[in-house]
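So the structure is just underneath, and the comments pick up after that.
The values are calculated or read from the model by the stated rules, or taken from the named source; none is laboratory data. Keep in mind that this is a model prediction, so the values were computed, not measured. Because the Cβ atoms are built from the backbone with ideal geometry, glycine has one as well, and the counts that use them run over all protein chains shown.
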Amino acid sequence: MKKLLVAIAMLLAGPMPAAAASWTVDYAKSHLGFQVQWSGEAFTAAFKTWKADITFDPADLAHAHAVVTIDLASEASDAADNDEGLKGPEGFRVSKFPTAVFETSGFASKGGNAYVATGTLSLHGAKRPVSLPFTLTITGNQAHMTGKAAVLRTDFGLGTGDWAGETPIAHQVFITIDLTATKSG
């Protein structure tokens, strides 16, 4: 009788929420970087070391969550002189702020394979809300995601002194991601 009561109680409680799937990023096939106008030219850089903890199911966005931690000292571009400046006291100041973290607070479907992740970017001692529009294709246990978010470097106190103005480095920076992952749970 006790088992019957437990079964009835579970049925009355309604369906249990599905657990969103965990994903393991294939870092060899993935890219995280940024682009900014520098002296009128596009400057593109990548972060060679970063980690993403992702739980996501398109059918269960309420339980989706992601935390991306970026090693700022791993920034690299085709311009070594610029890289050193970016890591120094007028840029990322990696000696004091070695990492940046983006943590989602929600996901929304925009129809088809389009989504928006909202969250907080912690960078250079500042925390600001960020929206990351992205597209996602899931085939079996494989996922491919691309996205691009616009942020203002000045919102994070990046670029002081000669670098505080809109020139030579634009205030708007585009964070880019091209991610490949395998379902792990």
Exercise for review: Only residues in region 118-131 that are in a strand (DSSP E or B) count as the first member; pair them with residues that are exposed (fewer than 14 other Cβ atoms within 10 Å of the Cβ) and among the aliphatic types (A, V, I, L, M), Cβ under 9 angstrom, at least 6 apart or cross-chain, and list the lot.
Suggested key: Thr118/Ala108; Arg128/Leu152; Val130/Ala150; Ser131/Ala150
Practice item. Check Lys87, Lys110, Lys96 and return the single one that is among the basic types (Lys, Arg) and surrounded by 15 or more Cβ atoms within 10 Å (Cβ to Cβ). Key: Lys87
Check your understanding: Among the residues of region 155-171, which ones are outside any strand (DSSP E or B) and at pLDDT below 95?
Key -> Gly157, Leu158, Gly159, Thr160, Gly161, Asp162, Trp163, Ala164, Gly165, Glu166, Thr167, Pro168
Practice item. Could you tell me whether Asp71 is surrounded by 15 or more Cβ atoms within 10 Å (Cβ to Cβ), at pLDDT below 95, on the phi < 0 side of the Ramachandran plot and touching a Ser or Thr at 6+ places or on another chain (Cβ under 7 Å)? Key: no
Point to revise | Residue that is aromatic (Phe, Trp, Tyr), assigned to a strand (DSSP E or B) and within 18 Å of Ala42 (Cα to Cα), where the choices are Phe174, Phe107, Phe134 | key: Phe174
Check your understanding: Which of the residues that make up region 121-149 are surrounded by 15 or more Cβ atoms within 10 Å (Cβ to Cβ) and in contact with a Lys or Arg (Cβ under 6 Å, 6 or more places away or on another chain)?
Key -> Leu121
Point to revise | Leu179 among the aliphatic types (A, V, I, L, M), closer than 20 Å to Val67 by Cβ, modelled with pLDDT of 95 or more and touching a Phe, Trp or Tyr at 6+ places or on another chain (Cβ under 8 Å) | key: no
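Any idea which of Phe107, Phe97, Phe102, Phe92 is touching a residue at least 24 places away in the same chain (Cβ under 8 Å) and touching an Asp or Glu at 6+ places or on another chain (Cβ under 9 Å)?
Phe92
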